[in-house]
Amino acid sequence: MAKVPCTHCHLEFDESVMITEKEDNGDVHHFCCKGCQGIYHLLREEGLDTFYDKLGKSSLEPPKQREDDLHKFDLEGFRKKYIIERPDGLYEIFMIIEGIHCSACVWLNEKVLHKTDGIVEATINYTTNKAHIVWDPERVKLSKIVEKIRSIGYNAYPYDPKLQEERANRARRDYYARLLVAIFATMNIMWIAVAKYTGMFTGMREDVKAVLSFAEWVLATPTLFYSGWIFYRGAWYGFKNRFVNMDTLVATGASMAYFYSIWAMITGHGEVYFDSVTMIITFVLAGKYLEVLSKKRAADTMDALSNALPTEVTVVQGGEKAMVPVEEVKPGDIIEVRPGEKAAIDGVVVSGEGSFDESSLTGESEPIYKCPGDEIVSGTVAIDGVVRYEASKDYGTSTLATLVGLLEDSLTKKPKIERLANEISGYFSSTILTIALLTFAGWYWLGGSFEHALVVAISVIVIACPCALGLATPVATLIGINLAARRGVLFKEAAYIETMAKCDVLVLDKTGTVTEGKPRVVNFEKYGDFDVNLLYSLVKSSIHPVSRGVEKFLKERFENLEEVGLEGVKQVQARGIEAVYEGHKLYGGNAKMMQEFGLEADETSEYTLFYFAVDDRVVARFELRDMPKSGAKEAIADIRRLGIDIIMLTGDNEKAAARVAKEVGIPTFKHSLLPNEKAAEIDILHAEGRRVVMAGDGINDALALSKSDIAIAMGSGSDVALEVSDVVLLDDRITSLRDAFLISRRTFRFVKQNLAISILYNTVTIPLAIAGYVIPLVAALSMSLSSLIVVGNSMRIKSAFKEKN
């Protein structure tokens with residue numbers, strides 16, 4: 001009985017064993033199993049039957065019976081280990097989708113997930129098969145999401161960095177083994193080729209030549225079908241999805257040379273090109289291996305950060321110590337760290353003192369002394385002393401765990417220029433195949449030699465591989481991101497490197513960005529008697545740097561300070577604080593706040609002012625000075641030399657702003673601004689056609705940061721500022737801001753150089769190959785050389801930056 005294809009998976013079976021369905025319109029469907037039948041009807045009901053148009057004639061694996069393990073996805077232990085609980089109440093997870101073979105599979109999975117009620121976001125990376133899913137746990141369970149994925153013939157399991165490392169290692173070993181075979185065959189085949197070329201001039205018997213050709217065939221065969229299997233696999237996926245890629249060109253060129261050489265060897269007519277086959281595979285495979293190593297190094301970067309965190313910590317409860325998994329630690333738990341141990345979770349020191357190595361985060365080699373009240377950051381190492389600290393965050397939201405996730409995301413999201421290059425590569429490959437076919441026809445028509453026409457066509461196909469074009473952006477971007485991360489600059493997406501490189505205005509907040517953010521009282525005037533404890537309690541209720549500066553001064557100046565219970569404590573944005581105590585109104589803030597409440601206050605001072613008033617009377621005045629950060633003047637001068645205009649926006653008074661601007665060399669500043677007024681200034685710059693980078697660290701900067709093209713947050717800034725930012729400066733130094741500009745501009749410049757190199761290479765070499773001046777051996781060598789030039793040029797990003805610093 002005739003075989004018929006399954007309507008869903010396209011695999012062929014005898015018609016007698018198939019499940020047959022006939023529709024009212026006369027269409028007949030055959031299914032190999034109940035699973036395929038169910039998936040087919042599911043896709044039709046969901047309006048996703050266009051999947052079969054995208055799939056074309058490709059075949060799928062029939063759905064497999066899965067174990068009934070869906071309940072494990074809803075267990076509490078699974079949730080704690082793999083699921084991220086977002087502040088908005090949504091859940092987030094990264095999963096590996098098993099069974100994805102092509103872009104049609106990605107399309108189908110994303111469509112099905114988007115149609116599932118309760119799923120907010122679902123994106124799948126075709127390269128890594130990694131899915132990012134965000135859902136509402138009140139409307140759908142994770143087990144139902146996995147069940148949905150399985151219902152269309154795929155499987156999903158949680159992403160685990162250890163599995164990713166194993167996968168990267170396995171790919172590296174596989175490429176290494178294939179490359180070894182190719183190199184061994186190439187080295188030996190070249191000796192045979194030398195003998196044959198020598199024989200062309202000195203003479204060689206046909207039987208000897210035939211033996212040497214056979215030996216070359218023995219060496220070329222494993223090279224093509226074992227070492228070159230990678231290219232055949234890539235070409236097959238491309239063919240299934242109706243696009244021509246680099247692998248198609250390599251596989252086509254090498255196969256044509258191989259099978260023509262077999263014909264020439266058997267018939268004795270023409271020359272054999274087995275040496276060219278091995279050279280093509282070996283050189284291109286070497287370039288691929290370098291690419292795999294680059295991805296492995298990227299995975300190693302993740303692991304180096306991840307491995308900086310221990311899996312357990314010592315928690316002190318009721319005087320008893322216990323080793324607790326980091327995932328189970330809650331804010332408020334007391335953690336003990338001994339010399340040589342790493343802090344796994346952020347917190348504040350409550351007892352003990354010692355030095356900590358923060359070089360893994362900031363790059364600073366000098367140990368930082370910590371005592372009660374100081375913050376501990378995850379990933380830092382205790383050098384001496386036993387310290388106990390109170391956890392301020394849980395494991396998932398601690399600094400280093402957050403940074404690992406951000407860095408990983410940055411490596412998976414492509415810049416616009418890379419997406420454009422990839423799109424061009426697709427059209428380019430199809431064009432080259434057409435040109436090669438026309439070249440073959442032209443040479444055969446003009447010269448009448450099938451062998452010569454074929455060799456020229458093969459040279460065109462091989463020399464025009466878009467390897468350099470494909471590598472131009474990702475290699476440079478990868479180096480730029482890793483270099484920035486090592487220098488304390490974290491780009492949340494690779495795309496932000498390109499955007500930042502194009503920006504021409506830098507807007508800076510003053511306090512905590514240009515200055516240290518730790519104002520010190522330099523002058524104190526008392527206008528009347530008041531209870532110092534009221535002022536101490538008022539400033540202690542605020543986290544603003546000015547309030548902290550006054551608090552520190554009061555602690556040093558007065559003894560036996562006590563907090564009192566204030567009522568109606570309210571933060572007045574960019575102004576100060578107000579509260580009520582036993583019917584008395586308390587005000588603490590700048591001159592504008594005093595004036596708004598009908599109190600007299602003088603703004604004439606080159607320092608930051610803080611007034612304290614009780615009811616309708618100002619009773620104290622503080623002048624505070626915030627020192628510019630170390631290296632700020634030099635860094636700002638370097639940024640200005642790049643042609644970037646710098647503007648400082650601050651809520652401080654005019655004279656204080658002018659003093660800081662003059663000290664660090666900022667020509668333009670605006671003072672006494674509210675948060676919405678800062679955001680309005682960004683809108684004005686956009687209206688002028690400017691591209692804006694904004695750097696800030698406080699809640700009052702969040703609105704302006706969200707309006708800018710690139711938002712940069714200082715690492716010690718507020719959680720809100722970090723949330724809306726595109727780039728994070730881990731070490732808080734303004735010199736890192738300069739580094740961010742230098743790295744982004746250098747990386748983007750080298751990306752454009754790489755694209756220019758690849759375009760120039762193809763512009764010169766393709767016409768030479770069409771004209772018949774390039775043999776396949778030279779074509780493979782030059783094509784690989786172009787890729788190596790692009791990779792080598794990208795490496796200069798690092799070396800040139802070292803020279804600058």
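Hey, for a label at residue 383 modelled as a point 7 Å past Cα toward Cβ, could you say which residues of region 326-349 have their backbone N under 16 Å away?
Under cut-off, by backbone N: 338-343.
State, to one decimal in nm, how far the label point of residue 263 lies from the label point of residue 690, with both points 7 Å from Cα in the Cβ direction.
Rounded to a tenth, the inter-label distance reads 6.7 nm.
Does region 500-554 come out rounded, prolate or oblate, given a ≥ b ≥ c as the square roots of the eigenvalues of its C-alpha gyration tensor, rounded meaning a/c under 1.5 and, failing that, prolate meaning a/b above b/c?
prolate
Which of 527, 513, 500 sits farthest toward the positive end of the charge dipole of region 451-604, with +1 on the Cβ of Lys and Arg and -1 on the Cβ of Asp and Glu?
Farthest towards the positive end: 500.
Measuring from label point to label point, each 7 Å out along Cα→Cβ, what is the residue 139 to residue 173 span in nm?
About 4.5 nm, to one decimal.
Under the classification rounded if a/c is under 1.5, otherwise prolate if a/b is larger than b/c and oblate if not, where does region 534-588 fall, given a ≥ b ≥ c as square roots of the Cα gyration tensor eigenvalues?
oblate
Residues of region 264-285 with amide nitrogen under 19 Å from the 7 Å Cα-to-Cβ point of residue 207?
265-269
So who's got an amide H within less than 5 Å of the one on residue 155, skipping anything under 5 residues away but keeping other chains? H placed 1.01 Å off N, in plane.
So residue 155 has HN proximity to 98.
Have a look at 618, 601, 664 and report the one farthest towards the positive end of the charge dipole of region 585-707, computed about the Cα centre with Cβ charges (Lys/Arg +1, Asp/Glu -1).
Most positive-ward Cα: 664.
Fully extended, how many nm does the chain gain between residue 348 and residue 524 (0.36 nm per residue separation, minus their Cα-Cα distance)?
That works out to 60.3 nm of additional length.
Would you mind listing how long region 504-654 runs along its three principal axes, going by Cα atoms, in whole Å with the largest first?
Sorted largest first, the three principal extents are 57, 32, 26 Å.
What list of ³J(HN,Hα) couplings, whole Hz, do you get for region 172-185 from phi and the Karplus terms 6.51, -1.76, 1.60, once you set θ to phi - 60° and write x for glycine and proline?
4, 5, 5, 5, 5, 5, 5, 5, 4, 4, 5, 5, 4, 5
Which residue, chosen from 463, 571, 450, occupies the Cα position most advanced towards the positive end of the dipole of region 432-579, where the dipole is computed from +1 (Lys, Arg) and -1 (Asp, Glu) charges on Cβ about the Cα centre?
450
In nm, what is the difference between 0.36 nm times the number of residues separating residue 548 and residue 615 and their Cα-Cα distance?
Length gained, residue 548 through residue 615: 21.8 nm.
Taking amide H positions as placed 1.01 Å from N in the peptide plane, with prolines and chain starts having none, which residues 5 or more places from residue 669, or on another chain, fall under 5 Å of its amide H?
It is 648, by chain and number.
Based on the Cβ-Cβ distance from residue 637 to residue 676, what FRET efficiency comes out when R0 is 30 Å, to the nearest 0.05?
That gives a FRET efficiency of 0.45.
In nm, to one decimal, how far is the modelled label at residue 72 from the one at residue 312, with both set 7 Å along Cα→Cβ?
Label-label distance for residue 72 and residue 312, simple model: 2.3 nm.
In nm, what is the difference between 0.36 nm times the number of residues separating residue 771 and residue 606 and their Cα-Cα distance?
Numbers: separation 165, 0.36 × 165 = 59.40 nm, distance 7.53 nm.
In short, 51.9 nm is gained.
Take peptides 674-683, 490-499, 247-256, 274-283 and line them up by average Cβ neighbours within 10 Å, highest first, as a rough protection proxy.
So the peptides 674-683, 490-499, 247-256, 274-283, ranked by packing, come out 274-283, 247-256, 490-499, 674-683.
Mind listing the long-range amide H neighbours of residue 351? Cut-off is under 5 Å, sequence gap 5 or more, other chains count too, H placed in the peptide plane at 1.01 Å from N.
When sequence neighbours closer than 5 places are left aside, the close amide H contacts are 388.
Values in this text are rule-based calculations from the coordinates and carry no lab data. On a predicted model such as this, the values are computed, not experimentally measured, just so you know. No Cβ is skipped: glycine too gets one built from the backbone with ideal geometry, and neighbour counts run over all protein chains shown.
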